[in-house]
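Please read the structure below before turning to the comments.
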Amino acid sequence: MLALTMTPTAAQAQAGAHAQAGAQVQAGARALPVDSQGGSPAAGLTGAGVSTSGGAVHAAPQDVAYLRAAHRGHLAEIAAGKAALGKSRDRDVRGIAWRLIRDHRRLDARLRGVADRLDVRIPGSPSAEQRRDLRAVLSRSGHRFDRAWLRLQARAHEHALWLGQRELRRGHSRWVKDLARDSAPVIRHHLRAIRAEM
C-alpha cells in the first residue's frame, strides 16, 4: 500500500536501498564462522546479528547488555566459589563452591566465544557492586560466613535467571538467546542446591 503513494523517484530509491541491503546480508552470511554444530548459523543472518557494510556481524544493544552482565555474573560466581573454598569449613558449602567454579567457567567459555563472534567487548572483572558484596561476606567467619555466602549466591542466581528471561523476551541474536536458554537449567540447579543449604 505504501508504494502506491510514493513518487516514482522515491520508489526507485527504496528499491535500490533494498537491493543494497540484500547484497550486504549475503556478504555477511558468507563471512560468518561455522557454528558449534558444524553449520552456518542463521542463513542470511536471520536472528544471528546485524550485518554492516563490511560483512562483520554485530549484536543488538540488548544482546550486548546480556553478554556483558552474564559474563560479569560468571566472573563473580567463580570468585565467590574460590572465596568459599578458602574460608568455609562446611562440606556442603564447599561442594557448592566447587560446582559454581566448574559450571560458571564452562558457561563463560561459551559466552566468550559468542562475544568474540559478535565483536562484543566484555569486562575483565565483576562489577564494583559484586566485588563490594563479596568483600562484605568475606568480613565474616565460621557459620556467619556460610550463611551470608549462601544468601549472596541465592540473590546472584536469581538475578542471573532474570537476566536470561529478559534476553529471551527482548534479545535479537539467536546465538545470545541460545546462551540464555541453555544457561537457565544450570543456574536453576545451582539455586536449588543453594536454597537447600540455607
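Side notes on the structure shown:
- Peptides ranked, highest mean first, by Cβ atoms within 10 Å: ranges 174-183, 82-91: 174-183, 82-91
- Segment residue 181-residue 128, length gained on full extension (0.36 nm per residue, minus Cα span): 16.4 nm
- Simple label model, 7 Å out from Cα along Cβ direction - residue 119 to residue 148, nm: 4.5 nm
- With R₀ fixed at 22 Å, the C-beta to C-beta distance from residue 136 to residue 197 puts the FRET efficiency at about 0.70.
- Selection among 165, 150, 137 by position relative to the dipole of the range 130-194 gives 137 as farthest towards the positive end (Cβ unit charges, Cα centre).
- Length available on full extension from residue 91 to residue 158: 0.36 nm per residue minus the Cα-Cα distance, which gives 21.8 nm.
None of the figures in this text is laboratory data; all of them are computed from the coordinates on show. Small disclaimer: the values here were computed from a predicted structure and weren't measured. Cβ atoms come from the backbone with ideal geometry, glycine included; neighbour counts cover every protein chain shown.
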